[in-house]
Amino acid sequence: MAGSPELSAYISGTNQFEAGDTVQLAIVIQNTGLNEFKFVDSGIVDRADLPNTAKFLTVAIQPSYAPIIIKSDAQMLGDLDGSSTVNAVFSTKINSDAAAGIYNIPLWLNYTYLYTADQYGEDTIRYTYKTENVTVIVPINITPDVSVAVLSATPEDLNVGTEGYINMTIKNTGYEDGSKSIVKILQNGHSPIVPIDSSVYIGDFPAGSVVNCTYKVAVTSDAQKQTYPVDVVVVYQNTEGDYVTSRSDTFGIPVGGKVDFDVISPPSVLNPGEKNAITVEFKNTGDATVYSAQALISAVDPFTSDDDIAFLGDLSPGQSATASYIVSVDRTANIKEYGLDSQIQYRDALDNAYTSDTMKVTVDVTQPAGVNAIVSNPIYLVIIIAAIIGIVYLVNRYRKKNK
């Protein structure tokens, strides 16, 4: 007729965690309560409950000074018999800035147990239950580590479809002194920023120290002018001699618009059978300066050209330059507007070579007018030549008569 539950708790598996970890904290609750007496052949009615059974056991983690966030509510675990255990799992987040050390987590236990059992007559027992609230301490150990924080990230010559650099300032905000450390940048998911030179060796990386790193990256051509994420981690050797990788820090990198050009000059005018110079003005409508640019034009029937490349030089955003080409038009050309394909070849700030999208250069083939109309018409030319010959003949004959 004596005894009660004796509850204690511990963490299943390791109790060592790192700052910033999200863990499923598995806690084992055990009941070591004993029954002190047992009556044999006494004529006492058997009881349905025993005094060392914790009935309707409810567990919860109480607020404390520990740098953790508990995301799970209190849990009902049912009845816990003597010499038995039961598990409770709590979704837990360790604060990213948690200092290393051992923290005691208070685990609240609420249960009911059989306090007394009084028998009346030969077939009646009256139960008396008692409710207990117990708090047990569960220790966790937050181990020191290297934690990365990107203080700044500045792009250099970084535009859509080109290569450029990212200059980063990175701080170790953790409590571990890393050695043989390598700072790495990683592509974040499907981000269009793709690292080319992704690792920088910095050696010792003491807690609280700051380093500057530069990385070469490429931006895919399907990106837009906006800010994209990049992940940063540190691979280092800890005080136990193991190589570990820190949690990543994500930072936004602004990307400039793509390099683009437009033809801003009016259509050139040529006549059938004419060979003449056409001028085309190209404008840099993109967000980056291009270097050693040269404009190419593709002359197709009814056009021909022996001079299809023009040097434009360096063009900053918004700047324009004029190219000149000698173009011939076939005499049988139809009177209409034609579009000639043109492209610009250029180099970026890293001396990589690129070719722009194709642009249309408009050439308007028209009927000749004025003197050109006469000169270009063979019938008119025959008449003019005949008239000149006639005039010369008459002049010579007149001079002979007057001698």
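So, of the residues in region 323-350 that are among the hydroxyl-bearing types (S, T, Y) and in contact (Cβ under 8 Å) with a residue 60 or more places away in the chain, which turns out to be farthest from L270 (Cα to Cα)?
Y346
If you scan region 323-351, which residues turn out to be exposed (fewer than 12 other Cβ atoms within 10 Å of the Cβ) and either among the β-branched types (V, I, T) or closer than 28 Å to L158 by Cα (or both)?
Listed by number, the residues that qualify are T332, I335, D351.
Out of I69, I61, I105, I need the residue that is more than 19 Å from D49 (Cα to Cα), without any contact (Cβ under 8 Å) to a residue 40 or more places away in the chain and outside the structural domain of Y236 (by TED's automatic domain parsing). Which one?
After ruling out the rest, the residue left standing is I69.
Give region 357-403 a look and list any residue that's β-branched (V, I, T) and modelled with pLDDT of 75 or more, or say none. Steps first, answer last, please.
First pass over region 357-403, keeping only residues β-branched (V, I, T): 358, 361-363, 365-366, 371, 374-375, 379, 382-385, 388-389, 391-392, 395.
Within region 357-403, T358, V361, T362, V363, V365, T366, I385, I388, I389, I391 qualify.
Residues that are in contact with a Phe, Trp or Tyr (Cβ under 8 Å, 6 or more places away or on another chain), in the same structural domain as E156 (by TED's automatic domain parsing) and polar (S, T, N, Q): list the strands (runs of 3 or more DSSP E) wholly contained in region 302-368 that include at least 1 such residues. Let's see the steps before the verdict.
On the way: elements: 309-315, 320-329, 336-347, 353-355, 359-365.
Counting at least 1 such residues, we get no strands (runs of 3 or more DSSP E) at all.
Would region 84-91 turn up any residue that is assigned to a loop (DSSP other than H, G, I, E, B) and not small (G, A, S)?
Looking for residues that are assigned to a loop (DSSP other than H, G, I, E, B) and not small (G, A, S), one finds none in region 84-91, hence no.
Taking N271 and the conditions (1) touching a helix residue (DSSP H, G or I) at 6+ places or on another chain (Cβ under 7 Å); (2) under 26 Å from Q319 (Cα atoms), which numbered condition does it fall short on, given that it satisfies the others?
Every condition holds for N271 apart from (2).
Quick check on this structure: which one of A100, A60, A54 is among the small types (G, A, S), surrounded by 11 or more Cβ atoms within 10 Å (Cβ to Cβ) and modelled with pLDDT of 95 or more?
Result: A60 is the single residue among A100, A60, A54 that is among the small types (G, A, S), surrounded by 11 or more Cβ atoms within 10 Å (Cβ to Cβ) and modelled with pLDDT of 95 or more.
Which members of region 250-276 meet the condition of being crowded, with 16+ Cβ neighbours inside 10 Å and either under 34 Å from the mean Cα position of the chain (by Cα) or among the hydrophobic types (A, V, I, L, M, F, W, C) (or both)?
Matches in region 250-276: F251, I253, V255, G256, G257, K258, V259, D260, F261, V263, L270.
The values are calculated or read from the model by the stated rules, or taken from the named source; none is laboratory data. The shown structure was predicted, so the numbers you read here are calculated from the model rather than taken from an experiment. Neighbour counts run over all protein chains shown; Cβ positions are idealised from the backbone, glycine included.
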